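The values are calculated or read from the model by the stated rules, or taken from the named source; none is laboratory data. These numbers were taken from a predicted model, which means no experiment stands behind them. Glycine gets a Cβ as well: all are built from the backbone with ideal geometry, and neighbour counts include every protein chain shown. The accessibility values were calculated without ligands, DNA or RNA, using every heavy atom of the protein model including side chains. Shrake-Rupley method; radii C 1.70, N 1.55, O 1.52, S 1.80 Å.
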Amino acid sequence: MLKIFQNSLEKFSLFFIILPLLIGVLHRGGISMQAHIVFAFFIGLCGLLNIYKIFKSKKNKFQIQDLFLILFIIFFLFSFFFSTTKNYGLLEVIGIIGGFIVYFLTKNIFDKKTQNNLINVTIYIATLSTLIGFWAYIAKPFERFAGSFQDFRESFSAYPNAYSDFLILISPFLIWKIFDNKNIKWKIFYSILAILNLTGFILAESQGAMIVLIGMMGLTFIYFIFTKFKIKKLSIIILIFLTAFALNFGFKSFHKYKFPEINLNNLNDNQVKNLEQNVSENERLDFWKGSIKMMQSNDYSYIFGYGPYSFKFVYPQYQQKLLALSDHPHNIFLKIAVENGIFAVAFFILFLVFILIPKLYFWLKVKFKKTDKIKLLIFLSLIGFLTHQLIDYNLNFTSNIILFWFLLGITSHNIDPVTFFSIQNSKFKIQNFIPIFYILYSIFLLSWSIHDGYYSYIFQNARAFDQANNIEMAKIYYNKSENIWLKRDLDLSYAQLLAKSKNEDDLKKSYKIFKNAIYNNFYNARTYNDLGKLIFNNKNLFQDEQYDLYFSTAIQRDPKNNLEYYYNELLILNDENFNNRYLTFIKIFLSDYLSQLRLNAHNTILTDNPKYAIMIADKILEKLKIDCRTTKNEFCDLRTNLIHTKMLEEEKIKIENVIPVKTGIQ
């Protein structure tokens, strides 16, 4: 009876890991809030389901790397509680806590059969993602391949780098399945899956991931030399690569033939580099420099950082180039240091070191003679993934979160404690320590997923009513959804709706919500801008407030990404400040933006910035009382070039279903 219960428990646990992985992969890779809710619910449920086994299992070992992981999570949580951007960051907390549960279950609870079953399903899920990507690539005008890591409703919302990282993480499973199977039919089957996924990987054109893959293959080849690998097996790898490159050529040729309007031949080299959310090497360097400056400018950032997901809101004040903004600094360690503090990143590094180095030390010591091949391949995969995270960051996708911590759990299991720094002396009784965190984390994940899953549904209804201009129903649902823990843009959406009202109580409530939003995130420039608009449009109601101060603060918080802030400031600019110095600044600013628009840098054509750039030029000419039909002026030329370039870029990318947004101070 007990055995039947244990087998059922294993099957349910496997299901509760596979389901969020599958949903995450199929839902834009798992970057959405919905995917995180599913992830939290099933991982939390899986954690609670295995509490009995945690207390009874004799395999449980608390090693020094687990201590560093616990300390890392503690400082991560401190950074969240002391965050400067309190309305964001909870999804990152969910990712870290869920990752801990996956790691702990894999390391201490899941047996080899469960791990192998999860490995098999993961390969099939990855192949499904790639096949969906093939369909999208030949049916829709996507220039970059991203498997299912994209929003199929939008042609310019794809995550090829995250997809590439996902394939890097599953690569050891495919290689192992090919060479570990003695059955020729299974060998052929997994070779075909490897060819399909490698073709998708190449089509994704992630340069960093490709370099990582080449490095992984080089290290694998060195291992082959050490172990006198049979040349026949090496020929299989070569055949897989040649077939994948041939398929890659075929898919690209067909895609260019079917969608000539987005053929790369129609774009210049700089435009190609800026397609599909690419970030240049120079921008990455600016992110890294800006991250260091951010840490130096705030004494408390050395301890707790600015808070999870704060980089997007704080970095604009240190931003060097127009539109060069990102959600993260494109480096996993800098991200943790900036957002969660120096202690958090130190403990995270120590956690990784005490997992990876002992393994490598042991293998080198025995000259790879006692090497578990799958663990070696997983080790190379983790090294490759972490190397890519030095120039990118894709652990905000639930699919990558699950796989990354799953691989760490496998690698951490049965680390030889004698081989490195006498780890055996650092063990504690797990019954006295780990289960407390484990149970609390599982309960939190489950509670959050149910609570915010319910209120997130209400919030989505509120936005739907808002977009349908059903104001009264939108107000009811916005009011209900205020109980959600993860606020994100809820406050802004609700306040913006109330700001349109003529009712004095609604306007006062809008003002109150804006003020509260500033308290929760005083780095968000959008809040200052919208609050300034509310006060400007209702001067009689808010007589003591200075709307110009809020407009200027919005520009100070974010001077290089949103042209609406400059337009609103221009509307209220007095004659004294509308001088030659200001005109020179605006001329340079618009010229700089024009050059970015010509490149469609960061898909700026999909934003309202082109519209506001033209409106700024119009307003300048109006204030100067210049008629471009009769008078030549630099702003006339700028306006003409902006209009022409906007039309040209819209024609190139064939924008569909763009919803117009009200402009300026309404």
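Assuming a ≥ b ≥ c are the square roots of the Cα gyration tensor eigenvalues, decide whether the range 29-163 counts as rounded (a/c under 1.5), prolate (otherwise, with a/b larger than b/c) or oblate. Walk me through the intermediate numbers first.
On the way: a/c = 2.78, a/b = 1.44, b/c = 1.93.
Cα axes put the range 29-163 in the oblate bin.
Would you mind counting up the charge near Lys625? Only other residues with Cβ under 14 Å from its Cβ, with Lys and Arg at +1 and Asp and Glu at -1.
Surrounding charge for Lys625 is -1.
If packing is taken as the mean number of other Cβ atoms within 10 Å per residue, what is the order of 135-144, 568-577, highest first? Don't skip to the answer; put the middle values down first.
Working: 135-144: 17.2, 568-577: 14.5.
Going by the mean number of other Cβ atoms within 10 Å, highest first, we get 135-144, 568-577.
Which angle from 0 to 90°, rounded to the nearest 10, does the C-alpha axis of helix 471-481 make with the longest principal axis of the chain?
Result, in degrees: 40.
Please give the helix 434-467 orientation as an angle from the longest Cα principal axis of the chain, in degrees from 0 to 90, rounded to the nearest 10.
Taking Cα atoms only, the helix is inclined about 40 degrees.
Could you run the Karplus curve 6.51 cos²θ - 1.76 cosθ + 1.60 with θ = phi - 60° over the range 380-389 and give me ³J(HN,Hα) per residue in whole Hz, x for Gly and Pro?
5, 5, 5, 4, x, 4, 5, 5, 5, 6
Ratio of the range 349-415's C-alpha Rg to 2.2 N^0.38 Å, to two decimals?
1.15
By the 4.7 Å beta carbon criterion, which cysteine residues of the chain come out unpaired?
Cys46
Where does each of 514-522, 321-329 land if you order them by average Cβ count within 10 Å, highest first?
With the highest mean Cβ count within 10 Å placed first, the list reads 321-329, 514-522.
Quickly work out the Lys312-to-Cys628 label distance, labels modelled 7 Å from Cα along the C-beta direction, and quote it in nm with one decimal.
3.4 nm
Provide the net charge surrounding His328, with neighbours chosen by a C-beta distance below 14 Å and charges set as Lys +1, Arg +1, Asp -1, Glu -1.
-4
Mean residue ellipticity at 222 nm from the helices of the chain, using -39,500 (n - 2.57) per DSSP H segment of n ≥ 4 over the full residue count, to the nearest 500 deg cm²/dmol?
On the way: 27 runs with 455 residues, N = 666.
Helices in the chain give a 222 nm mean residue ellipticity of -23000 deg cm²/dmol.
Identify all aspartates and glutamates with a Cα-Cα distance to Lys509 below 16 Å; exclude those on the same chain that are fewer than 8 residues away in sequence.
Here the aspartates and glutamates satisfying the reach criterion relative to Lys509 are Glu472, Glu482, Asp491, Asp530, Glu545.
Can you give me the % of accessible surface on the range 49-162 that is carbon or sulfur? Probe 1.4 Å, all protein chains present, nothing else counted.
Within the range 49-162, the accessible surface is 66 percent carbon and sulfur.
Summarise the accessible area of the range 524-666 (1.4 Å probe, protein heavy atoms) by the percent that is carbon and sulfur. Numbers along the way, then the final one.
Numbers: 3580 of 7660 Å².
With neighbouring chains kept in place, the figure for the range 524-666 is 47 percent.
What whole-number value in Å² describes the accessible area per residue of the chain for a 1.4 Å probe?
46 Å²
Ranked by accessible surface with a 1.4 Å probe, highest first, in what order do Met33, Met647, Met473 come?
Accessible-area ranking of Met33, Met647, Met473, largest first: Met647, Met473, Met33.
Which shape class applies to the range 538-658: rounded if a/c is under 1.5, otherwise prolate when a/b exceeds b/c and oblate if not, where a ≥ b ≥ c are the square roots of the Cα gyration tensor eigenvalues?
Oblate.
Could you please put Phe104, Phe343 in sequence from largest to smallest accessible area, using a 1.4 Å probe?
Order by accessible area, largest first: Phe343, Phe104.
Show His330, His413, His644 ordered by accessible area, largest first, where the area counts protein heavy atoms only and the probe is 1.4 Å. All intermediate terms of the calculation are to be shown ahead of the outcome.
Details: His330 10, His413 40, His644 115 Å².
Result of the area sort, largest leading: His644, His413, His330.
Give the cross-link partners of Lys293 among the aspartates and glutamates, using a straight C-alpha distance below 18 Å as the criterion and excluding same-chain residues fewer than 8 apart.
Glu283, Asp327, Glu339, Asp558
Provide the net charge surrounding Asn461, with neighbours chosen by a C-beta distance below 14 Å and charges set as Lys +1, Arg +1, Asp -1, Glu -1.
Values: positive: Arg463, Lys475, Lys480; negative: Asp466, Glu472, Glu482.
Result for the local shell: 0.
Express in Å², to the nearest 10, the accessible area of Ser447 obtained by rolling a 1.4 Å probe over the protein heavy atoms while all chains stay in place.
Accessible surface of Ser447 is approximately 50 Å².
With a ≥ b ≥ c taken as the square roots of the eigenvalues of the C-alpha gyration tensor of the range 479-569, please select rounded if a/c is under 1.5 and otherwise prolate if a/b is larger than b/c or oblate if it is not?
It comes out oblate by the Cα gyration axes.
Distance between the C-alpha centers of the range 85-142 and the range 533-568? Whole Å please.
Here the answer is 43 Å between Cα centres.
Taking the 0 to 90 degree range and rounding to the nearest ten, how far is the long axis of helix 207-226 tilted relative to the main principal axis of the chain, both from C-alpha atoms?
On a 0 to 90 degree scale, this one is about 10.
Using 0.36 nm times the number of residues separating Tyr582 and Asp505, minus their current alpha carbon distance, what extension gain do you get?
Values: separation 77, 0.36 × 77 = 27.72 nm, distance 3.84 nm.
Between Tyr582 and Asp505, full extension yields 23.9 nm more.
Past 25 Å, Cα to Cα, is the threshold; run Lys312/Lys500; Lys252/Lys375; Lys321/Lys646 against it and keep the listed order.
Cα-Cα > 25 Å for Lys312/Lys500; Lys252/Lys375; rest within.
Students often check this: by mean Cβ neighbours within 10 Å, which of 617-625, 373-381 ranks highest, and how do the rest follow?
With the highest mean Cβ count within 10 Å placed first, the list reads 373-381, 617-625.
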